[in-house]
Amino acid sequence: MAGLDRETEERIEEPVSEEAEREALLTPAQAIERMRIRVPPRANRKLRELVERVNADAQVKAWWHVANVNAVKRLEINDHSWVHIQIVANIALKLLRQLTKHRVEAGVVRDYGMSSDDAEVVVVLGALLHCIGMAVHRDGHEDWSLLLAEPKMGELLEGLYEEPNLSVIRAEVLQTITSHRNDGRPLTLEAGIVRVADALDMAEGRSRIPFQHGRVSIHSLSAAAIESVEIKDGQRAPILIEIVMNNSSGIYQVDELLKAKLRGSGLEPYVEVVARIDTEAEKSLIPLYRLEL
């Protein structure tokens, strides 16, 4: 689990792979009944109302459930349940608030004269909707997410914003969604934050599903090697991301996958990443690997 501020940590449940697999076996009604997103709104009234509306929205929750069924049950890849959504939303909010504390301006603040509260709405809503397209298909899911999210935002934001600000917020959220793809090009701080936050949900509970299903590869091995991700105050940059691994194969997750999401995100000047192996916990993930030809 990411090392967030105390209030945020208390609002996040442990993302365990077994839990994600159990949820994929529930009926839709059973699955959505247990879903409740928790993020710390602090004094942000719009954010508090937005999260309450999402928690009351059966359609959004149904998309999360189907996305997880597709990911865990049908494709046997990593968790895409509401727990992943909650983790990404909290990490994204933590990153934004950390950067705001260091006077780094969000796009809606710099370009439209809006407030940091509005930037928080963009980041959290983008995180909540970024992979609902997985409910349709893994392939091109970012585009399916855009298709589903655009009309849904009209419902979720009704009364919170009036035109033309409403359309600005909706467009900025859509940018966070499309920019989280592998070749995405974020144009705003908010889009870069959602992109990186999605990549940072790499800790053990979410990533062990393919490994437990016997898919032994550098992807599954390196994912299973990640023990924890901590987000702290940095010395060389406003944010320090410290990744603890139980095996050196986890370097692949950091050097190949996280680096790819950080590059071009716009967060490069503000983030330093350190990965270390917990030598006391270091272990062999597989006793023998046989090359299948």
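Residues that are farther than 18 Å from Asp198 by Cα and out of contact with any Pro (no Cβ under 7 Å at 6 or more places or on another chain) within segment 71-85 comprise Lys73, Arg74, Leu75, listed in sequence order. With respect to the conditions (1) touching a helix residue (DSSP H, G or I) at 6+ places or on another chain (Cβ under 9 Å); (2) at negative phi, Glu49 falls short on a single one, namely (1). Report, by residue number, each residue of segment 188-223 that is modelled with pLDDT under 85 and either on the phi > 0 side of the Ramachandran plot or of a type in the set (Gly, Ala, Ser) (or both). Listed by number, the residues that qualify are Ala203, Gly205, Ser207, Gly214, Ser217, Ser220, Ser222, Ala223. Does Arg97 satisfy the condition of being of a type in the set (D, E, K, R), without any contact (Cβ under 8 Å) to a residue 12 or more places away in the chain and out of contact with any Phe, Trp or Tyr (no Cβ under 9 Å at 6 or more places or on another chain)? So Arg97 does not fit the description; no. Annotation: of all residues in segment 225-237 being aliphatic (A, V, I, L, M) and within 18 Å of the chain's Cα centre (by Cα), the one that is surrounded by the fewest Cβ atoms within 10 Å (Cβ to Cβ) is Ile231. Considering only segment 113-126, I want to know if a residue exists there that is on the phi > 0 side of the Ramachandran plot and not polar (S, T, N, Q). Scanning segment 113-126 turns up at least one residue that is on the phi > 0 side of the Ramachandran plot and not polar (S, T, N, Q). Only residues that are charged (D, E, K, R) and either surrounded by 21 or more Cβ atoms within 10 Å (Cβ to Cβ) or more than 30 Å from Gly107 (Cβ to Cβ) (or both) were counted across segment 238-260, and they come to 0.
The values are calculated or read from the model by the stated rules, or taken from the named source; none is laboratory data. Every value quoted in this text rests on a predicted model; they were computed, and no experiment measured them. A quick note on method: Cβ atoms are made from the backbone with ideal geometry, for glycine too, and the neighbour counts reach across all protein chains shown.
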